[in-house]
Amino acid sequence: MPVSRPPRSTRTVKAGSLLIGGGFPVSVQTMWKAAIGPADFEAVISSLTRLGELGCDLVRFAVPDLAAAEAVGALSRRTAMPIAADIHFDHTLALRCLDFPIAKIRINPGTLGAEWKVREVVGKAADRGVALRVGVNAGSLPRSLEGEKDPAEAMVKAAEEELELLDRLSFRDAVFSLKSSDVGETIRANMRFSKAHDHPLHLGVTEAGPLIPGIVRSTAGIGNLLERGIGDTIRVSLSAPAADEVVAGVEILRATGRRSEGVKIISCPRCGRTTFDVQNFTEDVSSFIHSTRKTITIAVMGCAVNGPGEARKADLGITGAGKMAILFRKGEIVRRVTYEQALEAFQQEFDKLCAD
Ligand code: SF4
């Protein structure tokens, strides 16, 4: 595997409490998957807390109408999670959101329309110190670019037209994204844009698909760009729950060396030697292991062949070994338990590790 290039140098954009670019850690975003109203706030706030525990740094909400603008705006007053408002077609919705402590407004040059509308949004965002994301999408390019043969080039042109307007308005706090559902187009567009401009880039392969194909395509696109030192914040777009998008995003950062905090899981794929239900155990432990930001490696192994070796190397490991499970902590055996006792014993040892 090639050695990753160091992150490229960009300006810093402040989105609420989140700093994007400028050498700050690459952040993970997701998008809320449903419309919200005030009656949903308690459940939404609790889900945002959980997404934060999983490693999410910002959540974007669709704002299709005034009721949504009021709801998303009111929500931003009640949560520490930075909230971005996603606006298409009606710029007055962006203006209304800017009356609240929103962290960022996402606009799409292909759907917002006339320049005067962008000017109004930019002017108010500047007054309020709110960041913008110019989100270019290959599926909704401005009409003037629909005839372009190369979709990657068309995305770059759309982004640069918007950038030129922002420059004329002396607006600096913008993150850009250039997304296609095609991995190659996404990579080429971001490489080309990043060579010419120092704005932070939000990476993603748009409409990447259901869980497994979507993660594979997102990893191919986002991972490739991160390896080249390109990318300051990422979103994995999946036809799956937001929590899956966050876990996938965090794992991409971990695999590319852009994030080390949190729990890395090593687990065996299982085979005919398995004496321990590794699959269900890893699902069970996922309910508590993400509550820490400590850098911890855990191993969950199925049998005595590779199990003790991997479990011994991890900060906390467990392996099946005949009728019992053996727990290792920092290379030493700390307990032998029955499979029924394994989950509780593992959680106790995990809690001790986090408290150290
Ligand atoms: S650790 Fe054991 S059970 Fe798991 S894949 Fe390897 S040999 Fe099979």
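The values are calculated or read from the model by the stated rules, or taken from the named source; none is laboratory data. Just so you know, these numbers come straight off a predicted model, no measurement behind them. In this analysis, Cβ positions are derived from the backbone assuming ideal geometry, glycine residues included, and neighbour counts consider all displayed protein chains. We work out accessible area using only protein heavy atoms, side chains counted, and drop any ligands, DNA or RNA first. Shrake-Rupley method; radii C 1.70, N 1.55, O 1.52, S 1.80 Å.
Enumerate the lysines that residue 117 could reach by cross-link, defined here as Cα to Cα under 21 Å, with residues fewer than 8 away along the same chain left out.
104, 157
Per DSSP H run of at least 4 residues, take -39500 (n - 2.57); add these up for the chain, divide by its residues and hand me the 222 nm value, nearest 500 deg cm²/dmol. List each step's numbers first, then the result.
Numbers: 13 runs with 140 residues, N = 356.
My calculation for the chain gives -12000 deg cm²/dmol from helical runs alone.
Dipole of the chain (Lys/Arg Cβ +1, Asp/Glu Cβ -1, origin at the Cα centre): which of 226, 125, 13 lies farthest to the positive side?
Looking along the dipole axis, the top candidate is 226.
About the Cα centre of the chain, what is the dipole size in debye to 20, counting +1 per Lys and Arg Cβ and -1 per Asp and Glu Cβ, all else neutral?
On the way: 45 positive and 43 negative charges, 198 e Å.
It works out to roughly 960 debye.
Could you sort the peptides 116-128, 333-345 by per-residue average Cβ neighbour count (10 Å cutoff), highest mean leading?
On the way: 116-128: 16.8, 333-345: 14.4.
Order by mean packing, descending: 116-128, 333-345.
For the stretch 172-271, what class follows from the C-alpha gyration tensor (a ≥ b ≥ c being the square roots of its eigenvalues): rounded when a/c is under 1.5, otherwise prolate if a/b is larger than b/c, else oblate?
prolate
Just to confirm the number: angle between the C-alpha axis of helix 242-255 and the first principal axis of the chain, 0 to 90 degrees, nearest 10?
Roughly 80 degrees, rounded to the nearest 10.
Where nothing but the Cβ of Lys and Arg (+1) and of Asp and Glu (-1) is charged, how large is the charge dipole of the stretch 262-355 around its Cα centre, in debye to the nearest 20?
On the way: 13 positive and 10 negative charges, 73 e Å.
With only Lys, Arg, Asp and Glu charged at Cβ, the dipole is about 360 debye.
Once you have all Cα-Cα distances for the chain, histogram them in 10 Å bins from zero and send the whole-percent values.
Per 10 Å bin, starting at 0, the Cα pair percentages come out as 5, 23, 29, 22, 12, 7, 2, 0.
Treat each spin label as a single point 7 Å out from the Cα along the C-beta direction, and report the residue 270 to residue 78 distance in nm.
4.1
Within the chain, what whole-number % of the accessible surface is contributed by carbon and sulfur, with the 1.4 Å probe and all protein chains included in the calculation?
Details: 8310 of 15660 Å².
Here carbon and sulfur together make up 53 percent of the probe-accessible area.
Determine, for each peptide in 102-115, 303-316, the mean count of other beta carbons within 10 angstrom over its residues, then list the peptides with the highest first. Mind dumping the intermediate values first?
Working: 102-115: 20.6, 303-316: 18.6.
So the order, starting with the most tightly packed, is 102-115, 303-316.
For the chain, with every protein chain kept in place, what is the accessible area per residue (1.4 Å probe, Å²)?
Details: 15660 Å² over 356 residues.
Result: 44 Å² of accessible area for each residue.
Expressed as an acute angle from 0 to 90° and rounded to the nearest 10, what is the orientation of the C-alpha long axis of helix 151-168 relative to the principal long axis of the chain?
Once rounded, the angle reads 60 degrees.
Evaluate the charge dipole of the stretch 99-155 about its Cα centre and quote only its size in Debye, nearest 20, assuming +1 on the Cβ of each Lys and Arg and -1 on the Cβ of each Asp and Glu.
Working: 9 positive and 8 negative charges, 49 e Å.
Here the size comes out at about 240 debye.
Set Lys and Arg Cβ to +1 and Asp and Glu Cβ to -1, take the dipole of the chain about its Cα centre, and tell me which of 200, 73, 181 lies farthest positive.
The residue sitting farthest along the positive end of the dipole is 200.
Defining a contact as two alpha carbons under 8 Å apart and six or more residues distant in sequence, what relative contact order in percent does the stretch 233-356 show? Don't skip to the answer; put the middle values down first.
Details: 202 pairs, mean separation 21.6, N = 124.
The normalised contact order for the stretch 233-356 reaches 17 percent.
Can you list the aspartates and glutamates whose alpha carbon is less than 17 Å from that of residue 179, not counting same-chain residues fewer than 8 positions off?
Cross-link targets: 86, 146, 148, 150, 153, 160, 161, 162, 207, 232, 245.
Please list, in order along the stretch 85-91, the HN-Hα scalar couplings obtained from phi with the Karplus expression 6.51 cos²θ - 1.76 cosθ + 1.60 (θ = phi - 60°), rounded to whole Hz, x for Gly and Pro.
9, 9, 10, 10, 6, 10, 5
Counting alpha carbon pairs within less than 8 Å and at least 6 residues apart, what relative contact order, in whole percent, applies to the chain? Mind showing how you got there, number by number?
Working: 729 pairs, mean separation 49.7, N = 356.
Contact order relative to length: 14 percent.
Sorted by average packing, counted as other Cβ atoms within 10 angstrom per residue and highest first, what order do 75-88, 145-158 take? Could the numbers behind the result be given before it?
On the way: 75-88: 21.0, 145-158: 17.7.
The most tightly packed comes first, giving 75-88, 145-158.
So in the chain, what percent of DSSP beta bridges are antiparallel if you round to the nearest 5? Could you put the intermediate results ahead of the total?
Working: 16 of 53 bridges.
Given both bridge residues lie in the chain, the antiparallel proportion sits at roughly 30 percent.
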